[in-house]
Each structure stands twice: as C-alpha cells, then as structure tokens.
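Below is one structure, written out as structure tokens; the observations come after it.
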Amino acid sequence: MNDWLSQYLQAERTKADRRKCFISYFSADRTEVDRFIESFSDVMIPKAIGVSDRDDFIDSSNSDYVMGKIREKYLGDSSVTILLIGRCTHSRRYIDWELKSTLRRGSYAPNGLLGILLPSMGYQGILPPRFKHNWDSADTQYALYRAYPDSSMTLKGWIEEAYRRRTSRSELIVNSQEMFKYNRQCEVHGVTH
C-alpha cells in the first residue's frame, strides 16, 4: 500500500474514533477556549455554545424541565463534558446548570465529566461546587480533573477514561445540590461578573 494512502486511512480512522464532547466554559475565557478547540479537534468532536447571560433563560421552577431543556438544546448527543476552568468559572450559573444536566441520570447515561485547567491557570484553580463534589484527589470519585494536556493523545486518553466512568462509576455521582439561581461572587476578583 502506498505510504500516503496508509497515512490517509490512519487519519480517517482517528477521526472516526473521536467522541462528541460538550465544552462547558465561561465566556470571558473564550480566547483560550477557541485555542483549545482548534488544538484538539483531531481527537474529539467539540460541541460548544456561546454561553452568556444574554442567552435564553429557561424560565421554570421545575428542575426536571430545566435539566431536560439543557440536555436537549445544549448537550445534545455528546457523551463527555469537558469543563474548561478559568479564574471565574466557579461562580457562573450556566456552568452549574450544564454540570447538573451532565450528571443527570434518566433514560440515558450521564455524560462523563473531565475538568481541565486553562493555561492561564497554571496548576491550580477554584472548582465549581458541583464539580468539586464529584472529584477528589484520591481519584475515587466520578469526575476527572487535570492540568492542560501536553498532547492530543494525552487528551484522548482522558476523554476515554471519562467516557468509561459514565457506567463504571455512575453510582458515585453527587448531584442533589440546588441549582444556582444567579451568578455568584467570584472568589478571585471579589465581584459578581
């Protein structure tokens, strides 16, 4: 077989093996988020939206309805949620809602959950409460939490591990906390953005 044909077929197989990943992020981090998506779209099919306070508010006090709408309108057919963590991600209501919907179990499996620090964060960040309840440093919880990946293959491994945890660790999901009604005060800046 020709070398170029072999390389082409390998590239096509790699594309076919990509998981659909919902990218959850705070809009203030959009530049780093776009760079992440551009850098790693070879190992995932990214599903991202421009989440901001200008997006449609799902006006209901029925949490089942709200979570169903988030899954239907935003998470769609993704199987892993990647939470990109910046300085103020922990304080955003839409992040909390997306995480609650990510972890929700019903007639479908929950999404796997992978938290990744954006490069501007270095090796430490403030985690959103719902994410924090589903991760601990002993690696005995549902979510994975990592620094920024050094390669596509590293990220692919993390995505596959998060995907496996959808079924192998779903009993460890903690998702009973009340949903954020409003954005909270950012612990970094001391203000509500």
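Remarks
- Inter-residue pairs, beta-carbon under 8 Å, first over 15 Å from Ile116 (Cβ atoms) and in segment 16-43, second part of a helix (DSSP H, G or I) and modelled with pLDDT under 95, 6+ apart: Asp42/Thr14; Asp42/Lys15
- Some residue of segment 121-141 being at pLDDT 90 or above and of a type in the set (Ser, Thr, Tyr): no
- Conditions (1) over 16 Å from Val80 (Cβ atoms); (2) touching a residue at least 12 places away in the same chain (Cβ under 8 Å): number failed by Ser107: (2)
- All positions within segment 85-108 that are crowded, with 22+ Cβ neighbours inside 10 Å, part of a loop (DSSP other than H, G, I, E, B) and charged (D, E, K, R): Arg92
- Residue match in segment 173-182 (condition: in contact with a Ser or Thr (Cβ under 6 Å, 6 or more places away or on another chain), modelled with pLDDT under 95 and over 24 Å from Ser39 (Cβ atoms)): no
- Subset tally (residues that are in contact with a Phe, Trp or Tyr (Cβ under 9 Å, 6 or more places away or on another chain) and farther than 21 Å from Leu114 by Cα) for segment 143-193: 3
- Of all residues in segment 1-32 being under 24 Å from the mean Cα position of the chain (by Cα) and among the acidic types (Asp, Glu), the one that is modelled with the lowest pLDDT: Asp17
- Out of Ser39, Ser60, one residue alone is surrounded by fewer than 16 Cβ atoms within 10 Å (Cβ to Cβ) and either at pLDDT 90 or above or not in a loop (DSSP other than H, G, I, E, B) (or both). It is Ser39.
- Among the residues making up segment 155-176, a single one is surrounded by 14 or more Cβ atoms within 10 Å (Cβ to Cβ), polar (S, T, N, Q) and part of a helix (DSSP H, G or I): Ser170.
- Here Ser120 fulfils each of the conditions (1) farther than 18 Å from Arg71 by Cα; (2) in contact with a Phe, Trp or Tyr (Cβ under 9 Å, 6 or more places away or on another chain); (3) outside any loop (DSSP other than H, G, I, E, B) apart from (2).
- Pair list, Cβ under 8 Å, 6 or more apart: segment 139-153 residue surrounded by 16 or more Cβ atoms within 10 Å (Cβ to Cβ), other residue among the acidic types (Asp, Glu): Leu144/Glu161
The values are calculated or read from the model by the stated rules, or taken from the named source; none is laboratory data. Bear in mind the structure is a predicted one, so any value in this text is a computation, not a measurement. A quick note on method: Cβ atoms are made from the backbone with ideal geometry, for glycine too, and the neighbour counts reach across all protein chains shown.
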